[in-house]
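Since the structure comes first, as structure tokens, the remarks are kept for the end.
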Amino acid sequence: MSNEQQPRLYYPSEEMVKNAAVSGMDAYRALCKEAEDDYEGYWARQARELVEWKKPFTQVLDESNAPFFKWFADGQLNVSYNCLDRNVNNGLGDKVALIFEADNGEVTRVTYKDLLARVCKFSNALRDMGVKKGDRVVIYLPMSIEGVVAMQACARIGATHSIVFGGFSAQALRDRINDAGAVALITSDGQFRGGKALPLKPIADEALGMGGCESIKNVVVVQRTGGACTMVEGRDKWFHEVCASQAETCEPEWVDAEHPLFLLYTSGSTGKPKGVQHSTGGYLLHAILTMKYTFDIKPNDVFWCTADIGWVTGHTYITYGPLACGATEIVFEGVPTYPDAGRFWKMIQDHKVNIFYTAPTAIRSLIKAAENTPTVHPKNYNLSSLRILGSVGEPINPAAWEWYHENVGGGRCPIVDTFWQTETGGHMITPLPGATPLVPGSCTLPFPGIIAAVVDETGTEVPNGQGGILVVKRPWPSMIRTIWGDPERFKKSYYPDDFKGQLYLAGDGAIRDKETGYFTITGRIDDVLNVSGHRMGTMEIESALVAHEKVAEAAVVGRPDDLTGEAIVAFVVLKGARPTGEDAKAMIKDLQNWVGHEIGPIAKPKDIRFGENLPKTRSGKIMRRLLRQLAKGEEITQDTSTLENPAILDQLKQPAG
Ligand code: PRX
């Protein structure tokens with residue numbers, strides 16, 4: 001930090017340091033040194049201590065087919081066994097695993113013994129349907145006990161699950177089923193959110209009817225809302241019915257450490273989402289290790305990650321990490337603003353939550369709500385149970401950080417600002433609560449064993465204080481293994497030739513502090529947007545727009561937004577005349593709904609502008625930098641002399657209508 005702007009450092013309390021799994025910076029440095037001195041030895045030690053292996057591994061890292069790395073390849077294990085049986089065998093059978101709070105406030109507690117029985121029943125049901133090891137199963141479920149059960153059951157029988165977030169549209173669901181070649185779909189009649197019952201099975205039916213989902217042989221439907229549901233004879237079955245007569249025990253399928261535990265589709269630089277493939281052994285290891293070091297999980301803790309199981313955060317920090325640690329955790333069906341914006345704080349109070357993990361967007365919207373409605377301010381609730389706070393999904397601005405620290409954490413809880421990605425499986429750069437002095441807005445230092453750096457376009461490390469491209473220098477156990485069905489795209493996206501295939505490219509920019517070496521993420525360097533912590537490709541939205549019969553051309557960019565981090569702005573050229581006034585307004589609505597239907601409501605552009613053309617160079621390239629300036633409402637400072645059609649800038653300056 002330069003002297004003029006020394007930021008305040010927040011040190012962990014003595015008590016926090018004393019009790020933490022990683023106690024103090026010396027302990028942190030010792031772990032980093034252990035990994036530096038003997039990289040494989042460090043990870044092998046952790047894997048032996050934290051994971052229960054059916055067949056112990058003798059190989060650690062296999063780099064022979066780089067960048068298709070393998071970890072612990074000759075070891076065998078089962079993730080569901082590690083999450084459930086292991087805890088029951090260790091005497092935790094009667095401990096509460098899940099505290100499910102429904103949208104309407106109803107609470108259901110599920111012990112480890114119960115959860116194991118539920119998972120075994122559903123595993124047996126899946127096996128009866130012919131689902132076997134290596135088959136892909138798509139799960140399209142709301143936040144529910146069944147969601148966790150379905151994921152665990154797939155893991156138990158060695159089927160590879162692929163969750164599709166419940167907010168995605170029929171088209172998005174269809175594309176993911178098709179790409180994965182899934183044999184079964186697990187969904188529900190509907191979901192409750194904010195006091196409303198929303199349909200889900202009808203969307204699944206629409207997806208299945210589109211063509212391209214012929215691989216699906218079975219559809220299992222969880223009864224949740226009691227909403228209308230058409231069941232196709234021979235294909236569709238009720239979850240409760242298929243489980244009813246099943247045994248409460250089920251021998252796990254022992255799989256190799258590299259067996260694909262799950263696929264999770266995420267957005268990249270092209271129009272087509274990519275199926276990020278994760279492993280079994282390395283992934284589980286990092287899920288457990290980060291629960292231990294980053295969240296400092298203790299036996300009596302109540303842990304709450306507010307993410308949805310449809311995103312990677314919900315995979316690692318709801319379904320797998322906490323359960324593999326024998327923790328008690330909250331699974332929440334509803335939304336933070338129902339029945340009012342004090343819901344999170346009330347739930348922390350009611351369930352005496354110790355560790356709370358959420359997204360900056362949620363915090364920012366709750367700050368706004370508390371300013372408008374003083375009764376939902378966190379100070380009205382007893383939040384004294386909290387010990388550690390977490391943030392994930394997007395950069396947290398220092399003002400939101402300070403508010404979170406002061407008003408939710410009572411000034412005493414460290415905030416772990418965890419930087420990671422769908423592809424990384426778990427935390428990559430993050431403070432450790434009993435060690436790292438915190439700087440608001442910085443994710444601080446790499447997790448022990450993760451070797452991160454900031455480089456220039458040639459892959460050369462830049463000095464601290466100079467921004468650059470975030471990379472990871474060594475493969476790590478929980479990393480993406482490939483893109484399902486497209487190994488070439490995996491190589492090109494993450495191990496590009498520019499870096500001689502040696503460095504993992506995260507897709508984010510970063511800068512390290514001159515003195516502390518702390519990392520601050522400066523945002524994506526590719527065509528990926530982060531809206532409310534949801535990741536979306538600009539090309540994906542453009543493809544959706546041009547699929548509309550009236551759209552000739554579209555370009556999508558991001559614009560900074562106080563609440564959602566980034567907002568989507570679309571520049572559209574229609575096939576007919578450029579609309580104005582009421583016509584433009586109607587067209588905007590139409591296009592927003594269209595994108596909602598093609599991808600999901602989260603992808604709807606906030607602002608749509610119409611032009612007779614897009615700003616292009618003489619060679620026909622869209623000048624995106626210009627569009628970004630227009631979206632922000634900035635004066636165009638850039639040289640526009642290469643622009644083919646400068647007059648259209650005026651058309652695109654203002655929101656249409
Ligand atoms: O841009 C970074 C941002 O979210 C991206 C990953 O998105 P996704 O794969 O959907 O996973 C989100 C949950 C792990 C990253 O490339 N990001 C995530 N966490 C942070 C962040 N940006 C800044 N600070 C973070 N803590």
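The values are calculated or read from the model by the stated rules, or taken from the named source; none is laboratory data. Source: prediction; values computed, not measured. Cβ atoms come from the backbone with ideal geometry, glycine included; neighbour counts cover every protein chain shown. Side chains included, ligands, DNA and RNA excluded: accessible areas come from the protein's heavy atoms. Shrake-Rupley method; radii C 1.70, N 1.55, O 1.52, S 1.80 Å.
Overview of results
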item	result
Inter-site label distance for Asn382 and Ala244 at 7 Å from Cα along Cβ, in nm	4.4 nm
Calculated FRET value between Gln223 and Asn593, using beta carbons and R₀ = 30 Å, to 0.05	0.55
Per-residue [θ]222 nm for the chain (sum of -39500 (n - 2.57) over DSSP H runs n ≥ 4, rounded to 500)	-8000 deg cm²/dmol
The stretch 112-173, relative contact order [Cα under 8 Å, separation at least 6], %	38 percent
Charge dipole magnitude, Cβ of K and R +1, D and E -1 - the stretch 467-611, Cα centre, debye nearest 20	340 debye
Value in Å of the Kirkwood radius, where the stretch 255-409 supplies the Cα pairs that are averaged	16.7 Å
Gain in span if fully extended, Arg628 to Asp561, counting 0.36 nm per residue against the direct Cα distance	22.8 nm
Protection proxy ranking, peptides 574-581, 207-214, average beta carbon neighbours within 10 Å, highest first	207-214, 574-581
Those residues of the stretch 158-195 whose amide nitrogen sits under 12 Å from the label point placed on Asn104, 7 Å along Cα→Cβ	192-193, 195
Label-to-label distance, nm, for residues given as Glu549 and Glu52 (7 Å Cα→Cβ offset)	6.0 nm
Dipole magnitude (debye, nearest 20) for the chain, charges at Cβ of Lys, Arg, Asp, Glu	460 debye
Glu36 versus Glu214: modelled label distance in nm, points set 7 Å from Cα along the beta carbon direction	5.8 nm
Three-way shape label, the chain, alpha-carbon gyration tensor, a/c 1.5	rounded
Full-extension gain in nm, Ile451 to Glu15, via 0.36 nm per residue minus C-alpha separation	154.0 nm
Length released on extending from Val96 to Glu406, taking residue separation times 0.36 nm less the Cα-Cα span	108.6 nm
Aspartates and glutamates whose Cα lies under 18 Å from that of Lys33, excluding same-chain neighbours fewer than 8 positions away	none
Sparse-neighbour loop sites [GluC sites (Glu not before Pro); the stretch 521-588; at most 16 other C-beta within 10 Å; DSSP]	Glu549
Accessible surface, per residue, of the chain when the full set of protein chains is kept, probe 1.4 Å, Å²	38 Å²
Percent RCO, i.e. relative contact order, over the chain, from Cα pairs under 8 Å lying at least 6 residues apart	13 percent
Estimated FRET transfer efficiency when R0 is 22 angstrom, pair Lys606-Ala586 (beta carbons, to 0.05)	0.80
Sites matching trypsin sites (Lys or Arg not before Pro) across the stretch 448-525 that sit in DSSP coil, with at most 12 neighbouring C-beta atoms within 10 Å	Lys500
At R0 = 22 Å, FRET efficiency that the Cβ-Cβ distance of Glu251 and Met129 yields, to 0.05	0.80
Under 20 Å from Lys368, Cα to Cα: lysines that are on another chain or at least 8 residues apart	Lys346, Lys379, Lys606
Contact order relative to length of the stretch 52-102, as percent, for alpha carbon pairs under 8 angstrom and 6 or more apart	31 percent
